[in-house]
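Asker: Dropping a structure here in structure tokens format, bear with me for questions.
Values in this text are rule-based calculations from the coordinates and carry no lab data. Treat the numbers as computed from the prediction; the structure is a model and nothing was measured. Ideal geometry is used to build each Cβ from the backbone, glycine not excepted, and the neighbour counts take in all protein chains shown.
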Amino acid sequence: MVDVEGAQVAVFNLEGHYYAIEDVCTHDGGILTGGPVEGDQIVCPRHGARFSIRTGQALTPPAFEPTAAFPVRVIGGEVQVRDDRWD
Ligand code: FES
């Protein structure tokens, strides 16, 4: 997890591909990191909603809205993430 201009961003490495989603569950604002990662999904540790690590999509109740997904790139071995919601 990293702070990107005030947004808490969780970065994942799935089989060599990096993905970044906001570390916030849209059900009740819980922190997603700390929950189990199962395949390309993370399970909210509070009430069990599942989110796609690739897209931020909410996959199961009690969450229905996606969490934000951010662009990621790797430059010179450095993983770069950008919060582009307000560009
Ligand atoms: S806060 Fe994540 S499922 Fe409720």
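Asker: Report the residue count in segment 53-84 for those that are crowded, with 16+ Cβ neighbours inside 10 Å and under 16 Å from Met1 (Cα atoms).
Answerer: 9
Asker: Being surrounded by fewer than 16 Cβ atoms within 10 Å (Cβ to Cβ) and among the charged types (D, E, K, R) is the filter here; which residues of segment 3-22 pass it?
Answerer: Residues satisfying the conditions are Asp3, Glu5, Glu15.
Asker: Would a scan of segment 36-44 turn up a residue that is outside any strand (DSSP E or B), small (Gly, Ala, Ser) and in contact (Cβ under 8 Å) with a residue 24 or more places away in the chain?
Answerer: Narrowing segment 36-44 to residues outside any strand (DSSP E or B): 36, 39-40, 44.
Cutting the leftovers down to small (Gly, Ala, Ser) gives us 39.
Adding the requirement that they be in contact (Cβ under 8 Å) with a residue 24 or more places away in the chain leaves none.
Checked against the condition, which is being outside any strand (DSSP E or B), small (Gly, Ala, Ser) and in contact (Cβ under 8 Å) with a residue 24 or more places away in the chain, segment 36-44 yields no hits at all.
Asker: Restricting the search to segment 58-87, which residues are within 14 Å of the ligand (Cβ to nearest atom) and of a type in the set (S, T, N, Q)?
Answerer: Taking segment 58-87 as the starting set, the residues that turn out to be within 14 Å of the ligand (Cβ to nearest atom) are 58-67.
Thr60, Thr67 - these are the residues of segment 58-87 that are within 14 Å of the ligand (Cβ to nearest atom) and of a type in the set (S, T, N, Q).
Asker: Related question: May I ask you to verify whether Gly48 is surrounded by fewer than 13 Cβ atoms within 10 Å (Cβ to Cβ), assigned to a loop (DSSP other than H, G, I, E, B) and without any contact (Cβ under 8 Å) to a residue 24 or more places away in the chain? Can you show your working first?
Answerer: Details: surrounded by fewer than 13 Cβ atoms within 10 Å (Cβ to Cβ): no; assigned to a loop (DSSP other than H, G, I, E, B): yes; without any contact (Cβ under 8 Å) to a residue 24 or more places away in the chain: yes.
No: the conditions fail for Gly48.
Asker: Can you spot a residue in segment 52-69 that is within 8 Å of the chain's Cα centre (by Cα) and of a type in the set (Asp, Glu)?
Answerer: No.
Asker: Counting only residues that are within 20 Å of Pro71 (Cα to Cα) and among the charged types (D, E, K, R), how many does segment 1-52 have?
Answerer: 6
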